1. Could we say that R95 is open to solvent by 50 Å² or more (accessible area, probe 1.4 Å) and part of a loop (DSSP other than H, G, I, E, B) here?
2. I'd like the full set of residues that are within 20 Å of the chain's Cα centre (by Cα), of a type in the set (A, V, I, L, M) and under 14 Å from I97 (Cα atoms), limited to the stretch 1-52.
3. Looking only at the stretch 21-35, which residues are assigned to a loop (DSSP other than H, G, I, E, B) and either in contact (Cβ under 8 Å) with a residue 12 or more places away in the chain or open to solvent by 80 Å² or more (accessible area, probe 1.4 Å) (or both)?
4. Being in a helix (DSSP H, G or I), among the hydrophobic types (A, V, I, L, M, F, W, C) and open to solvent by 80 Å² or more (accessible area, probe 1.4 Å), is that true of even one residue in the stretch 36-59?
5. Return the residues of the stretch 60-91 that are open to solvent by 70 Å² or more (accessible area, probe 1.4 Å), under 23 Å from T137 (Cβ atoms) and acidic (D, E); say none if nothing qualifies.
Amino acid sequence: MAVNEDFQGRTYDPTPPFSVGREHIRDFAAAVGATDPVHHDVEAARAAGYADLVAPPTFAVIPGQRTDAQLVTDPEAGVDYSRVVHGEQRFTHHRPIVAGDELRGVLHVDAIRAAGGHQMVTMRSEIVDAQDQPVATSLSTIVIRGGE
């Protein structure tokens, strides 16, 4: 089954809020080897001018992938997840993500194209806070491998 090319240009409804907790940030920072105290110690983060613990920049992958999942799990989109390979991921940060943020994402399917017997899907997740202010933009490309 091929990805439904009619989904190019589609925008999904905002995701439910994702509450960013201190332990989310600490665990993620430990997993990626981010040792700066602003990721682990509230007082260090506040001394650096943040309201609470600040997430490493790549933490945006979490709300980004939660948003991207709308397309991947949409049965009408035709994405066979068993054939998906992650192609590319980029972030544009509008402000740091901090503990206490309530993040939602709006998914835009920017491109679906064929390449070498495979399909490439580029998704853009606009991540906003509880006041609908921009926090980050996640640009992700997945490759859906063609037949054997």
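The values are calculated or read from the model by the stated rules, or taken from the named source; none is laboratory data. No experiment lies behind these values; they were computed from the predicted model shown. Cβ: placed from backbone, ideal geometry, glycine included. Neighbour counts: every protein chain shown. Note: areas computed on protein heavy atoms with side chains; ligands, DNA, RNA excluded. Shrake-Rupley method; radii C 1.70, N 1.55, O 1.52, S 1.80 Å.
1. In short, yes.
2. Result: V20, I25, A29.
3. In the first step, residues of the stretch 21-35 are kept if they are assigned to a loop (DSSP other than H, G, I, E, B); the result is 21, 33-35.
Within the stretch 21-35, G21, A34, T35 meet the criteria.
4. Yes, that holds for at least one residue.
5. Correct list: E88 only.
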